[in-house]
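Colleague: Let me give you the structure first, and then I'll get to my questions.
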């Protein structure tokens, strides 16, 4: 079995940022308009929102967005991303390829030396052709490519698959690309979820590590793990079957098919499951949370991460240095978030120190990767 290294990390974050204040102003204008319509029908009014509520509930202060136009327009409340011709590079392949190029540059690897691309994201643009194959063509990598999705655990699940492909010798180098353009799938009229997500793309290059070789400043992937348990508490029903369910197929599927979640249930259930996953996974390799230098957790909710770590560390509070957060300025970037946290917070680690990448999300699903700094 081959040793495996994580030799390159790439991150693409859009320039445009939207603050809680800006998002709430747009949302509350829409609420006022909607409540006038509801009052005329004798319906209960909808509650407004506030920047303070958002920050308290999630820890989010702002989010970066791929496309600004349309998001803050109360009459639209969705980004305006024009359709592209079939022969043009698709928007998510373009987004992912930018992160992919950065990962290859970080590793100093020519695209032709990569023999597998996995597009692993929670929000894939289409069913086929695979976005991964389109990214393969755009980057000029060899071999093959495919898409996979496991909610916010997608990037770590892709790493899990890539790790075993390289470890077994089936592939020499695997590029895991995660383009998360989530704002286009977000219901900005839903008070419970409109503030959660931002956009980002990431990429990880995994390759075989010759026996006895150490690459200073890079990670050796020690092991990976994946866990799932069915839950409806985070769900999107957006599908090609939406049209088939309509009596009148000229109608547009409703916003009710977009992202929705039962926040309180998710918080409680994922906190317990995440804590148990971390402790058990580390124990399999003779580790406890105390022996791990850094945790790069899914960037979904600051209070959830704090609780998972507090449980795992036996009641001790864990700060930013041990478990860095990027959520406050980027929002929840789904499967990309933990990778961004790792990309920005690993270069100070010393040889021999361990880090744990761990993401959790819809499904429920949890993925983890234990890594050693070389």
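Colleague: Between residue 244 and residue 101, what is the label-to-label distance in nm when each label sits 7 Å out along the Cα-to-Cβ direction?
Modeller: Reported label-point gap for residue 244 and residue 101 is 3.9 nm.
Colleague: So, one more: Take the Cα atoms of the stretch 313-374, build their convex hull, and give its volume per residue in Å³.
Modeller: In the stretch 313-374, the Cα hull volume divided by residue count equals 114 Å³.
Colleague: Ignoring everything except DSSP H segments at least 4 long, calculate the 222 nm mean residue ellipticity for the chain; use -39,500 (n - 2.57) per segment, divide by total residues, nearest 500. Spell out each step's value before the answer.
Modeller: Values: 10 runs with 119 residues, N = 374.
Helix-only estimate at 222 nm: -10000 deg cm²/dmol.
Colleague: What share of all Cα pairs of the stretch 256-374, in percent, falls into each consecutive 5 Å distance bin?
Modeller: Each 5 Å bin holds this share of Cα pairs: 2, 11, 23, 25, 21, 11, 4, 2, 1, 0.
Colleague: Percentage of Cα-Cα pair distances in the stretch 96-135 greater than 11 Å, rounded to whole percent? Each step should come with its number before you reach the end.
Modeller: Numbers: 535 of 780 pairs.
Value for the stretch 96-135 (Cα pairs over 11 Å): 69 percent.
Colleague: For the stretch 190-280, what is the convex hull (Cα atoms) projected area averaged across all directions, in square nanometres? Working shown, then result.
Modeller: Working: hull surface 42.2 nm².
Average projection, Cα convex hull of the stretch 190-280: 10.6 nm².
Colleague: Additional query: Give the dimensionless ratio obtained when the Cα radius of gyration of the stretch 125-230 is divided by 2.2 N^0.38 Å.
Modeller: Details: Rg = 16.5 Å, N = 106, 2.2 N^0.38 = 12.9 Å.
Cα-based Rg divided by the globular estimate yields 1.27.
Colleague: What translational diffusion coefficient, in µm²/s and rounded to a whole number, does the Stokes-Einstein relation yield for the stretch 104-184 at 20 °C and a viscosity of 1.002 mPa s, taking the hydrodynamic radius as the Kirkwood radius over Cα pairs? Kindly include the intermediate steps, with their values, before the conclusion.
Modeller: Values: Rh = 12.8 Å.
Answer, rounded: 168 µm²/s.
Colleague: If you don't mind, there's one more thing I want to ask. Over the alpha-carbon set of the stretch 2-141, divide Rg by the Kirkwood Rh and report the Rg/Rh ratio to two decimals.
Modeller: Values: Rg = 20.6 Å, Rh = 18.5 Å.
When Rh is taken as the Kirkwood radius, the ratio is 1.12.
Colleague: Give the peptides 107-113, 242-248 in descending order of average Cβ contacts within 10 Å, highest first. List each step's numbers first, then the result.
Modeller: On the way: 107-113: 14.7, 242-248: 9.7.
Final packing ranking: 107-113, 242-248.
Colleague: With both partners inside the chain, how many of the DSSP beta bridges are antiparallel, as a percent to the nearest 5? Spell out each step's value before the answer.
Modeller: Working: 41 of 56 bridges.
Antiparallel bridges make up about 75 percent of those DSSP assigns within the chain.
Colleague: Kirkwood Rh, the chain, all Cα pairs: how many Å? Display every interim value, and only then the final one.
Modeller: On the way: mean 1/r = 0.0471 Å⁻¹.
It is 21.3 Å.
Colleague: In nm, to one decimal, how far is the modelled label at residue 3 from the one at residue 348, with both set 7 Å along Cα→Cβ?
Modeller: Simple spin-label model gives 2.7 nm for this pair.
Colleague: Would you mind pulling out the separation of the Cα centroids of the stretch 315-364 and the stretch 9-71, in Å?
Modeller: With the stretch 315-364 and the stretch 9-71 each reduced to a Cα centre, they are spaced 25 Å.
Bear in mind that the values in this text are calculations on the coordinates, not laboratory data. Everything numeric here is computed off the predicted structure, so don't read it as measured data. Quick reminder, even Gly has a Cβ in these numbers, built from the backbone with ideal geometry, and neighbours come from all protein chains shown.
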